[in-house]
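Trainee: Have a look at this one before I ask anything.
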Amino acid sequence: MANTYKLIEAKTLTTTTTDITFTSIPQTYTDLKLVYSARSNANTGSEGYDSVFYFNGAQSNRTSKVLRGDGSVTSSNTIDEAATFRLLRAIEPNDYTSSIFCNVEIYIPNYTSSNYKSFSVDSVLENNATATGLSFIAGQWSSTAAITSITVGAINGSLVAYSTFYLYGISNS
Amino acid sequence: MAAGSTYTPIATTTANGSVNSITFNSFSGYTDLVLIFLGKVSSGSGDLALRFNSDTGTNYSNTWLNSQSNGSSGRASSASSITLTESSYLDTVRDTLNIMNIMNYSNSNTYKTVLARSNKAPTGYAVEAKVGLWRSTSAITSITLFSTGSNPNFESGSTFTLYGILAA
C-alpha cells in the first residue's frame, strides 16, 4: 500500500536551535501528523514549558483551548494569540529533571483544504517530581490557505540538542 | 510502525448534506481501527454518536473528561449508543474534529472499547477525551456514526475516514 502513513521528514537537533521548520510540505496527502520529543533551555519561571507552533510562517489568527493536568489539579485555558502562537505545556522545560524530553503528537486533518484548519494536540511532560504536565489541546488556524510549512519552537529560549521531530503524511486512498 | 504497511485507508466518505448517518461495513483483516471525523451539521446542533453492528440495545457506556469548568468528568451507562462529543457537539459554524481508536475489534472473547479525542475551536472551545464500551463479544462488522438530538444532516464536505491498523 503506497503512501498511506509516510514519513515526510525527520529532524534531530545536534545543537541548540531557536526553532525548526518543515518547508515545502507535499500537498498530496489528506492529513498530517507531527510527532516530536523536545526540551527547552528556558526554565519554568520563563514559561519554559510552552512551545510555539504555527503554519506558513503566519503568527496570526490562531486560537486554542487547553485541558491540562499538572499532577495535582486540572485546569482549562483558552488562548487567543495575536502574536506568537503558544501551545501550553508542550515542551520540557530546562529545570525539569535532566534528560527528560516531552512527547507531543499533533494531528492536522485536511491540511490542503480551503476551510479553516483544525488540529489536535496531545502532550506529556514527565518529571519524576511534583510538577508534571499533561495537555489535550484543540486548535484552529483561521486561514483558508493550504498548509505548506510548519514551525515549532520554544516560547522563550531555544530547543536543545537531541530534540527530534517527525512529520508524517496520511492518505485516505 | 512500519510506514506505509500497517496504516491502511479502508474507506472515506464525504457528506453531501442529505444524510445524518454514515456506515462502514467492510473492514476485515486488521487488528485495530482508526476513524477520523471532521465536519459539522447543516442545521441546528447535535452530538456525534456511534453504534456497532446496528445494535440499538442499551449495551453501551462511556466516560469522559473535558475542558469545561477547568476540567470536568462524567459518564453514561446502559446507553443505546456511544456519544462521542459533549461540549464539542456538532453545530453549523465550527468544525468538530474527532479521532477514534477502536482496538481489537474482531476479538470474539472481549467487549469492545473505543478511545476518542474530540476538539472544537474557536468560540465555545472544547477539548475532550472519552472512552466508550460496547458490551458485546461479537466481532465488529459495521460502524455507524450519526448525529443525535434532532438528528441534523451532516454538512456537505464533512469527512469520515476509516483506517486499518495491522499488528506487525
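Trainee: How would the protein assembly as shown be classified by its alpha-carbon gyration tensor: rounded, prolate or oblate, with rounded meaning a/c under 1.5 and the a/b versus b/c comparison settling the rest?
Mentor: Verdict is prolate for the protein assembly as shown.
Trainee: Calculate the length of the line joining the C-alpha centroid of the stretch B:55-115 to that of the stretch B:128-163, in whole Å.
Mentor: About 9 Å separates the Cα centre of the stretch B:55-115 from the one of the stretch B:128-163.
Trainee: Can you work out the Karplus-derived ³J(HN,Hα) for every residue in the stretch B:86-101? Use 6.51 cos²θ - 1.76 cosθ + 1.60 with θ = phi - 60°, whole Hz, and x for glycine or proline.
Mentor: Values, residue by residue: 10, 6, 8, 4, 6, 9, 8, 10, 10, 5, 9, 10, 10, 10, 10, 10 Hz.
Trainee: What FRET efficiency would be calculated for the residue pair B:Ser69, A:Thr144, taking the C-beta separation as r and a Förster radius of 25 Å, to the nearest 0.05?
Mentor: 0.15
Trainee: To continue, here is another question. Taking the simple approach of a point 7 Å from Cα along Cα-to-Cβ for both B:Ser150 and A:Thr164, what is their distance in nm?
Mentor: Inter-label distance under the simple model: 5.1 nm.
Trainee: As an exercise, identify the chymotrypsin sites (Phe, Trp or Tyr not before Pro) in the stretch A:135-173 lying in DSSP coil whose Cβ has no more than 15 other Cβ atoms within 10 Å.
Mentor: Within the stretch A:135-173, the qualifying chymotrypsin sites (Phe, Trp or Tyr not before Pro) (loop, at most 15 other Cβ atoms within 10 Å) are A:Tyr162.
Trainee: Now for a different question. Using a 10 Å cut-off around each Cβ of peptide A:65-76, what is the average number of partner chain Cβ atoms that fall inside?
Mentor: 5
Trainee: Another question about this same structure. Relative contact order for the stretch A:15-119: what percent, with Cα pairs under 8 Å and sequence separation of 6 or more?
Mentor: Computed value for the stretch A:15-119: 36 percent relative contact order.
Trainee: Around A:Glu105, what is the net charge, scoring Lys/Arg as +1 and Asp/Glu as -1 over all other residues with Cβ under 12 Å from its Cβ?
Mentor: Net charge around A:Glu105: +1.
Trainee: How far apart, in nanometres, would the label points at B:Ser26 and A:Thr44 be if each is projected 7 angstrom from Cα along the Cα-to-Cβ direction?
Mentor: 5.4 nm
Trainee: Here's something else I'd like to know. Where Lys and Arg each count +1 and Asp and Glu each count -1, what net charge lies around B:Asn25 among other residues with Cβ under 14 Å from its Cβ?
Mentor: Spelling it out: positives minus negatives among the neighbours equals 0.
Trainee: Could you give each residue of the stretch B:62-68 its phi-based ³J(HN,Hα) in whole Hz, using Karplus coefficients 6.51, -1.76, 1.60 with θ = phi - 60°, and x for Gly or Pro?
Mentor: Per-residue couplings from phi come out as 7, 9, 9, 10, 9, 8, 6 Hz.
Trainee: Rounded if a/c is under 1.5, else prolate if a/b is larger than b/c, else oblate: which is chain A, with a ≥ b ≥ c the root eigenvalues of its Cα gyration tensor?
Mentor: Prolate, because a/c is 1.5 or more and a/b exceeds b/c.
Trainee: To the nearest whole number, what is the average tally of beta carbon atoms from other chains within 10 Å of the beta carbons of peptide A:132-143?
Mentor: If you average over the peptide's residues, the count of other-chain Cβ atoms is 4.
Trainee: Let me ask something additional. Assign one of three labels to the stretch B:23-168, namely rounded, prolate or oblate, based on the Cα gyration tensor with a ≥ b ≥ c the square roots of its eigenvalues; rounded applies when a/c is under 1.5, prolate when it is not and a/b is larger than b/c, and oblate otherwise.
Mentor: Prolate shape, in that a/c is at least 1.5 and a/b is the bigger ratio.
No lab work stands behind these numbers, since they all come straight from the coordinates. All figures in this text were calculated on a predicted structure; none of them were measured in a lab. As a convention, Cβ positions derive from the backbone with ideal geometry for all residues, glycine included, and neighbour counts pool all protein chains shown.
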